[in-house]
Structure formats: C-alpha cells, structure tokens
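Here the structure is laid out as structure tokens; the discussion comes afterwards.
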Amino acid sequence: MTEALFRDDAYLRKAQARVLIADARGIALDRTVFYPQGGGQPGDQGALILDGGEEIPIINTIYDADRRTILHAPAEGSALPAAGAEVVARIDWDRRYRRMRAHTALHLLSVALPYPVTGGSVGEAEGRLDFDCEAVLDKAAVERRLNELIALDAPVTQRWITDEELAANPALIKTMSVKPPTGTGRVRLIAIESMDLQPCGGTHVARTGEIGRASVTQIEKKGRINRRVRIALVPS
Ligand SMILES: [Zn+2]
C-alpha cells in the first residue's frame with residue numbers, strides 16, 4: 001500500500017520514499033507525491049532519484065489492481081531500483097501545476113453551467129466537461145462567467161466523509177458517469193467556498209485566483225441533450 005501524500009498536500013513536489021517492489025509492472029513506493037491516473041486526470045511524470053544521484057525517468061503513474069498501491073512506470077530501458085532502496089520521488093511540477101489549475105477551473109465551469117455533468121477530463125493546460133443540457137450556450141458569456149468566478153479568489157479546501165454519509169446525500173454528486181471513489185470507507189469532498197462542493201480525488205489549487213485567466217475554446221453539441229465545453233488556461 002502506498003501513502004498518497006498528494007491528497008493532503010497537492011503542492012508537494014518531492015518526498016523521500018522507500019521502494020516496496022520494482023518489476024515490469026512498475027515501481028511501487030511506500031509513499032509518493034505522484035498522482036495516479038484517474039478521475040479524468042492523467043498520471044504524473046517526473047523522476048525517482050537514487051542515493052547515488054542517478055535518476056529514473058517516470059513517464060506515467062497508475063494504481064495497481066488493489067487501488068491502494070501506486071505504480072510509477074519507468075521510461076523504457078531504465079534500470080530498476082532494488083526493493084528497500086531509499087529514493088527521492090520528484091514530480092514534473094510545471095506540468096502538474098497546470099493540471100491543478102485546469103482541474104480546479106473545471107469545478108468552476110460546473111458552477112458557471114449548473115447542469116448535470118456526464119463526463120470530463122483534464123489535459124495539459126486545458127480540459128473539458130460534458131453536460132446534460134439542452135440550452136444553447138453562448139461561448140463568450142460562459143467565458144465571462146467563468147473568469148468572474150476565478151477572480152473571486154475563493155479558497156479551495158477538502159474534508160472527508162464516510163461512504164454512508166455520501167450515500168445519504170446523493171445530491172453531492174454532480175458527475176453522473178465518473179463515480180466518486182468509494183469502497184475505502186471514506187470519500188474526499190472538495191469545497192470551493194460559497195460555490196461548489198463535490199466528491200473528487202484529483203489535485204486542486206488552494207485558491208481559485210491561482211487558475212489565472214481561462215478561455216472557453218469550444219462548445220460542441222454532442223447530441224440533443226449533450227454539450228461538450230472545452231476550456232484552456234490563458235498563458236500569462
Ligand atoms: Zn476535483
């Protein structure tokens with residue numbers, strides 16, 4: 001089992017860890033700052049730094065089948081560390097931070113467009129949500145609203161509730177197709193002060209102002225009652 005350090009502090013760029021297993025499936029550590037692919041967010045990239053200073057490039061991060069162990073996928077041809085070895089796990093922070101900003105922007109997009117969400121994903125510095133929505137959406141108006149919400153610079157915080165509490169409050173779930181991760185007995189709720197509360201396992205910025213400007217790049221009609229809205233971070 002891997003302790004998921006990014007859950008309590010998404011701003012951790014590196015951490016000391018011990019190798020549990022290293023084989024063809026990947027390198028498992030006892031703790032990590034690497035976010036494993038899931039919930040529409042890609043797995044982190046970065047490097048594991050060995051005692052002697054050698055670096056093993058990590059090209060992706062995934063959950064093992066038990067959903068409790070996190071596997072770091074080394075670049076092809078990398079030498080594997082020995083079980084028990086001490087390493088420093090370091091993520092590609094610039095890339096992760098853009099994902100944190102884009103991901104948090106998607107939460108605000110679901111506030112700007114209060115329709116049921118049927119899917120979504122986060123890319124490099126962009127993301128999309130699919131809405132169950134029949135209305136004609138005005139790109140410029142959605143973008144204006146989204147940036148107004150970002151500019152409120154609201155704090156983003158988390159708290160944990162039990163699976164039972166979540167089952168008793170189904171209205172908390174905005175996303176119909178991406179089920180929140182349950183089964184471990186507790187679920188993490190992400191709150192954007194006075195705006196949004198939903199279960200989410202992803203990584204977020206601490207205040208909405210960190211997102212910076214966002215643009216709505218495309219609104220696509222994916223059927224009579226489905227609208228796909230794409231956003232992108234505007235480089236500053
Ligand atoms: Zn989230």
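Of the residues making up region 92-106, at least one is closer than 28 Å to M1 by Cα, free of Cβ contacts under 8 Å to residues at least 24 places away in the same chain and away from the ligand (no atom under 16 Å from the Cβ). Please verify whether region 56-68 includes one or more residues that are free of Cβ contacts under 8 Å to residues at least 60 places away in the same chain, aromatic (F, W, Y) and surrounded by fewer than 20 Cβ atoms within 10 Å (Cβ to Cβ). Yes, region 56-68 has at least one match. The set of residues in region 107-141 being more than 20 Å from P235 (Cβ to Cβ), in contact (Cβ under 8 Å) with a residue 60 or more places away in the chain and among the charged types (D, E, K, R) consists of D130, D132, E134. Is at least one residue of region 208-216 under 20 Å from G40 (Cα atoms), in contact with a helix residue (DSSP H, G or I) (Cβ under 9 Å, 6 or more places away or on another chain), surrounded by fewer than 20 Cβ atoms within 10 Å (Cβ to Cβ) and touching a residue at least 40 places away in the same chain (Cβ under 8 Å)? Checking region 208-216: at least one residue is under 20 Å from G40 (Cα atoms), in contact with a helix residue (DSSP H, G or I) (Cβ under 9 Å, 6 or more places away or on another chain), surrounded by fewer than 20 Cβ atoms within 10 Å (Cβ to Cβ) and touching a residue at least 40 places away in the same chain (Cβ under 8 Å). With respect to T157, is the statement that it is more than 24 Å from M100 (Cβ to Cβ), without any contact (Cβ under 8 Å) to a residue 40 or more places away in the chain and of a type outside the set (D, E) true? Criteria not met by T157.
Can you name the residue in region 193-207 that is surrounded by 15 or more Cβ atoms within 10 Å (Cβ to Cβ) and among the hydrophobic types (A, V, I, L, M, F, W, C) and, of all such residues, is farthest from the ligand (Cβ to nearest atom)? Per the stated criteria, the residue is M195.
Do we have I231 as over 20 Å from W93 (Cα atoms) and buried (at least 17 other Cβ atoms within 10 Å of the Cβ) here?
Answer is yes for this residue.
Among the residues that make up region 170-193, is at least one of them without any contact (Cβ under 8 Å) to a residue 60 or more places away in the chain and over 26 Å from R67 (Cα atoms)? There is at least one residue in region 170-193 that is without any contact (Cβ under 8 Å) to a residue 60 or more places away in the chain and over 26 Å from R67 (Cα atoms).
Each reported figure results from applying straightforward, stated rules to the coordinates on display, with no laboratory input. Everything numeric here is computed off the predicted structure, so don't read it as measured data. Backbone-built Cβ (ideal geometry, glycine too); neighbour counts: all protein chains shown.
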